[in-house]
C-alpha cells in the first residue's frame with residue numbers, strides 16, 4: 001500500500017472494495033487510541049501526545065515506551081517511524097494486543113494488516129475493555145460489518161467519553177458511510193476535549209474537503225490550525241496543499257508541497273503530491289520527475305511506497321491523452337514488481353486494475369480481459385493468504401465489478417447483469433448502506449452503452465458520485481444525452497473543480513474541462 005492508501009485502509013474496508021483497488025488519492029483517515037483502565041499489575045502509563053493517555057496493557061516498560069513513541073510519530077503523519085515503534089513494542093511484549101492493532105494499522109500490505117489484526121484479536125482477552133473495543137472496531141471493519149463497527153465505536157465513546165481519540169474512531173465509522181453530520185459531530189467533540197488534537201483537526205479538514213456538503217473554508221481553517229500546532233512537520237503542510245487544490249489554487253498547493261518536501265527531504269510523499277499538481281498544470285516532464293524522485297526517496301528509506309508513486313507516474317500518460325502508453329507502463333510495473341518486497345501483491349493489483357479501467361474505457365477488450373484475469377488470480381491468492389470468508393467475498397465482488405464494467409462497456413447486457421448479480425451476492429453479509437454502489441455503477445454503465453440514458457442517469461446516481469469522479473462523469477454524460485442539460489452542466493462544473501488524481505479522472509479530465517468551459 002502507498003502512504004496515503006495505507007492511511008485510508010480503515011475507510012477502504014468500509015465498502016466491498018478490499019485493499020487492492022486502482023491507485024487514487026485517498027483522504028487520510030487514521031485510527032485512534034483511547035484512555036483505558038489498566039491492569040493492577042501494570043505500571044502507570046506514560047503521558048501520550050497532547051497530554052492524553054493511551055491504553056497500554058503491558059508489564060513491559062520498553063514496550064510501552066515504543067507504543068507511546070509510535071503514537072507520537074503517527075499523529076503527525078510519520079507513518080513509517082510509527083510502524084517501526086509499534087513492531088518494537090510487540091517484540092518487547094508479544095502479548096501487547098493494542099500494539100499489534102497499531103502494527104496492523106501501519107502495515108505495508110493487506111497481508112500484514114490482516115496478520116497483525118489477527119494477533120491483536122488473539123491477545124485481546126488480556127487487554128482492557130477499551131482496548132478490546134478498539135480491536136473490535138477494526139475486526140468489524142475488516143469483515144465489512146459497518147453496523148457492528150459503528151456499534152463498537154459508540155460503545156467505546158460510551159466507555160471513554162473523555163477521550164478525544166475514542167470520538168475520533170467514531171467519526172471514522174460515520175465517515176465510512178458518508179455520514180458527514182455524524183463524522184463532524186464526533187470530531188467536534190474530540191477537539192472540544194483537546195483543542196490541540198492535531199489528528200482531529202486534520203481529519204475534520206479532510207471531512208469538510210471530501211464529504212458532502214463540502215466546506216473548503218472550514219477545511220482550510222482546521223488544516224491551518226494543525227500547521228500552527230506542528231509547523232515543522234511535513235504532513236500538515238502536505239494536507240494544506242490538498243486544501244488549496246480543493247479550492248482550485250494549484251500554485252499555492254505547489255508551494256505547500258515544496259515546503260513539506262523541504263521539511264522532510266528524505267520523504268517522497270510531498271514530491272508525489274507535487275507531481276499531481278504538475279500533472280494538472282500540464283507540466284508533464286516535471287510531474288514525471290517528481291514521481292521518480294519520490295519513489296527513489298522511499299526506496300532509500302526502506303518503505304514500499306515508491307512503486308505506488310510510479311503508478312501515478314503512469315497516469316501522466318492519461319493526462320497527456322495517451323491511454324495506450326499508460327496501459328503499457330502499468331503492465332510493465334506489475335510485471336517488474338519485486339516479489340520479495342512487502343506489499344507486492346497490492347502493487348500488482350493496483351497497477352493491473354488501473355490498466356483494466358483504461359483498457360475498458362477505450363474499448364480494448366482483449367487487453368482488459370487479460371489484465372483482469374491477471375488481477376483476479378492475484379486477488380484470489382491474496383484472499384487465500386488472508387484466510388477469512390469476508391475478505392474472500394470482498395475480493396470476488398471486486399472481480400465481478402471489473403468484469404461487469406467491461407461487459408457493460410462492450411454492450412454485453414447479459415454479462416453485465418450477471419456480474420452485477422454476482423457483486424450483490426458477494427455483498428450479502430456487508431452491512432454498509434453503501435455496499436451496492438458498484439452494482440448500480442455496472443448496471444448504469446450497461447444502460448448507458450445500450451442507449452438508455454435516462455435509465456443510466458438513475459442507476460449511476462445511486463453509485464459513488466461523492467468520491468468516484470469516473471462515475472460522476474458518466475452521470476453527467478447520461479443527463480446530457482437524456483435531455484437534462486442543466487443537471488449535466490452542474491455536474492461538469494463540479495467535476496472541473498476536482499483537483500485530485502486517479503485513473504478514471506485522468507482519463508476524462510480533458511473532456512470535462514472542455515465541457516465546463518463551453519457552458
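Within segment 147-164, the residues that satisfy the criterion of being part of a helix (DSSP H, G or I) and in contact with a helix residue (DSSP H, G or I) (Cβ under 7 Å, 6 or more places away or on another chain) are 148, 149, 150, 152, 153, 154, 155, 156, 157, 159, 164.
What number of residues within segment 186-196 are in contact (Cβ under 8 Å) with a residue 12 or more places away in the chain and outside any loop (DSSP other than H, G, I, E, B)? Break it down into steps so the answer makes sense when it comes.
From segment 186-196, those in contact (Cβ under 8 Å) with a residue 12 or more places away in the chain are 186-191, 193-194, 196; that's our starting set.
This time we only want the ones that are outside any loop (DSSP other than H, G, I, E, B), so: 186-191, 193.
Here the count works out to 7.
A quick yes/no check of all residues on (1) without any contact (Cβ under 8 Å) to a residue 40 or more places away in the chain; (2) within 24 Å of residue 196 (Cα to Cα):
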site: 219; (1), (2): yes, yes
site: 222; (1), (2): yes, yes
site: 225; (1), (2): yes, yes
site: 228; (1), (2): yes, yes
site: 233; (1), (2): no, yes
site: 237; (1), (2): yes, yes
site: 244; (1), (2): yes, yes
site: 249; (1), (2): yes, no
site: 257; (1), (2): yes, yes
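Looking across 496, 506, 488, one residue alone is over 25 Å from residue 313 (Cβ atoms) and modelled with pLDDT of 95 or more. It is 488. Inside segment 145-168, residues that are touching a residue at least 12 places away in the same chain (Cβ under 8 Å) and farther than 17 Å from residue 128 by Cα make up a count of 9.
Residues of segment 368-376 include none that is more than 22 Å from residue 308 (Cα to Cα), at pLDDT 95 or above and part of a loop (DSSP other than H, G, I, E, B). Would you confirm, using the coordinates I've provided, whether residue 60 is under 29 Å from residue 307 (Cα atoms) and at pLDDT 95 or above? No: the conditions fail for residue 60.
Within segment 235-250, the set of residues being touching a helix residue (DSSP H, G or I) at 6+ places or on another chain (Cβ under 7 Å) and crowded, with 24+ Cβ neighbours inside 10 Å comprises 236, 237, 238, 239, 240, 241, 242, 243, 245.
Here 218, 196 are screened, and the one residue that is farther than 24 Å from residue 153 by Cα, in contact with a helix residue (DSSP H, G or I) (Cβ under 7 Å, 6 or more places away or on another chain) and surrounded by fewer than 23 Cβ atoms within 10 Å (Cβ to Cβ) is 218. Of 396, 384, which residue is assigned to a helix (DSSP H, G or I) and in contact with a helix residue (DSSP H, G or I) (Cβ under 6 Å, 6 or more places away or on another chain)? That would be 396, the only listed residue that is assigned to a helix (DSSP H, G or I) and in contact with a helix residue (DSSP H, G or I) (Cβ under 6 Å, 6 or more places away or on another chain). Quick check on segment 53-65. Is at least one of its residues buried (at least 19 other Cβ atoms within 10 Å of the Cβ), in contact (Cβ under 8 Å) with a residue 12 or more places away in the chain, assigned to a helix (DSSP H, G or I) and within 21 Å of the chain's Cα centre (by Cα)? Within segment 53-65, not a single residue is buried (at least 19 other Cβ atoms within 10 Å of the Cβ), in contact (Cβ under 8 Å) with a residue 12 or more places away in the chain, assigned to a helix (DSSP H, G or I) and within 21 Å of the chain's Cα centre (by Cα).
Entry remark, segment 75-99: residues being assigned to a helix (DSSP H, G or I) and either farther than 17 Å from residue 303 by Cβ or in contact (Cβ under 8 Å) with a residue 60 or more places away in the chain (or both) number 10 in total.
The values are calculated or read from the model by the stated rules, or taken from the named source; none is laboratory data. Remember, it's a predicted structure, so these values are computed and weren't measured experimentally. Positions of Cβ are generated from backbone atoms using ideal geometry, with glycine treated the same way; all protein chains shown enter the neighbour counts.
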